[in-house]
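Heads up: the structure comes next, in structure tokens.
No value in this document is a laboratory result; all are computed from the given coordinates. In this text the structure is predicted, and so the values were computed from the model without any measurement. Note that each Cβ is placed from the backbone with ideal geometry, even for glycine, and that neighbours are counted across all protein chains shown.
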Amino acid sequence: MDKLQQDIERYLHGKMGGEELLAFDLRLQKDKELANLLQEEQLARKVIREAGRLELKETLQEFENEIPARNLTPRVIPLWIKRAFPVAAMVIIFFGLYQVFKQNTMTPEVAFDTYFESYAAPSVLRDNEGSAMMNWKQATQLFSDGDYQEAAIYFDRSVGEVPSYQAEFYKGLSQLSMEAPYFQSAVNSFDRVLETDNDFVQQARWYKALALIGMNKQSEAQPLLKEIVANEAYNHQQAAELLTINWKR
Amino acid sequence: MQGTLAQRNRALEHIYRENRDKVTNYLRANNADEDQAKDVFQEAVIAMYENIKEKKFKGESAIGTYLYSIARFKWLNQIKKNSIRKDHHDQLEQEEDFQSPLATIIEGETKEGVLQLLAELGEACKRLLIMNFYHEASMKEIAKNGHYSSEQIVRNKKYKCLKRLKELINQKPALIRVLQGNG
């Protein structure tokens, strides 16, 4: 970086003082080229500031999208509901499929509720890791208990105890299993799973597609669903069904 | 708002969740619809973030109170701008004034122009310049996040990116006029 550029930066940061500042101001009045360089620098910084604001607003919108419908309390499922859940789930799935075959029209919310089935809880690992696996064990217990909000926190902490793709997959799954799912966070987690080749890639692709549908982003879900169908991957039949839906607003 | 970008995002998310309902409820009670309330609240959070960085907010009041004041001031300005519900505006105007400069998100053609410029600049340069100038991230943090091998490489890259941005701006006189007009 040349001396002039350094001076301009110091001037804009208010790091000039006394005689140096007076001299620079005087030079600006006389030296048109310097004035132009200063103006260029100010415009560039203005563009960067606007770009930063736009990017920050997108980040805030992600927070907004994750605020559930005024209900942030974690769900702890009573035992009788857990026992009745498989039967209820089957009824809901049959009803959902009936609706699909009947008219093939659904809202994204109904589609998500119809097609989302949580993945099996992670198996308990052998206890030869001592306290090093504490977060993972706590996370799997919370997941099994249906306390998905807390489970997501512990899965996040368990990165390092288990492969990160495994922790991210179950974290995303926990976020989708909540009563008011955190769709964007789940998508972010599944994206991290999809960054590498691992045992959870197929499942992550399916759940990411569902999360996108939950966010009403069917056009982004479509290529994933097509990929699942083309590869006859995890839940490819359900993916094929989702591709035939006429989305109701 | 100190720390890494990830830490700052977590802090912002906490502030967002803690204050959203209180502020948007106030705005909706003052005739903002759901989208307007959300937009004003988000711009208030951005203004708060910038004022903290620029040390204009030094923690004299609680964050929630500060956000509420900014949002109220912004909404007042918007009402004034739209010249609607004058009586209500007069009532609000009697309340505490808020003098700090406030972030306003660009829209329409200006936004399109800036986005096009950034697209031409490229993702790596855009990221680096935003991190350094807007978030005031250190060269060390940028080097770590951007997978640059040293801080000196980041400095060189920043200089080149800034130069390239200036060249691109100079090719867009219409955008220059708009940006100069925005103050």
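Ranking of A:Asp197, B:Asp39, A:Asp156, A:Asp25 by neighbouring Cβ atoms within 10 Å, starting from the fewest: A:Asp197, A:Asp25, A:Asp156, B:Asp39.
Residues of the range A:1-22 falling in the label zone of B:Ser150, defined by backbone nitrogen less than 19 Å from a point 7 Å along Cα to beta-carbon, are A:1-2. Report the one residue of A:Leu60, A:Gln39, A:Leu26 whose Cα lies farthest in the direction of the positive end of the charge dipole of the range A:21-64 (charges on C-beta: Lys and Arg +1, Asp and Glu -1; origin at the Cα centre). Checked the options; the winner is A:Leu26.
Extending 7 Å from Cα along the Cβ direction at B:Glu54 and again at A:Leu26 yields two label points whose distance is 3.0 nm.
Charges were assigned to the Cβ only: +1 to each Lys and Arg, -1 to each Asp and Glu. The resulting dipole of the range A:3-66 about its Cα centre is roughly 340 debye. Overall, the range B:1-79 carries a charge dipole of about 300 debye about its Cα centre when +1 sits on the Cβ of Lys and Arg and -1 on the Cβ of Asp and Glu, all other atoms neutral.
The loop-placed GluC sites (Glu not before Pro) in the range A:165-249, going by DSSP, that have at most 15 neighbouring Cβ atoms within 10 Å of their Cβ come out as A:Glu179, A:Glu195, A:Glu232.
Put a plus charge on the Cβ of each Lys and Arg, a minus charge on the Cβ of each Asp and Glu, and nothing anywhere else: the dipole of the range B:108-182 about its Cα centre is then about 260 debye.
Taking the range B:108-182 as the region of interest, the number of lysine pairs whose Cα atoms are within less than 21 Å, with members eight or more places apart or on different chains, is 21. Residues in the range B:34-45 carry Karplus couplings, in order, of 4, 5, 4, 4, 5, 5, 5, 4, 5, 5, 5, 5 Hz; the curve used is 6.51 cos²θ - 1.76 cosθ + 1.60 with θ = phi - 60°, and Gly or Pro positions show x.
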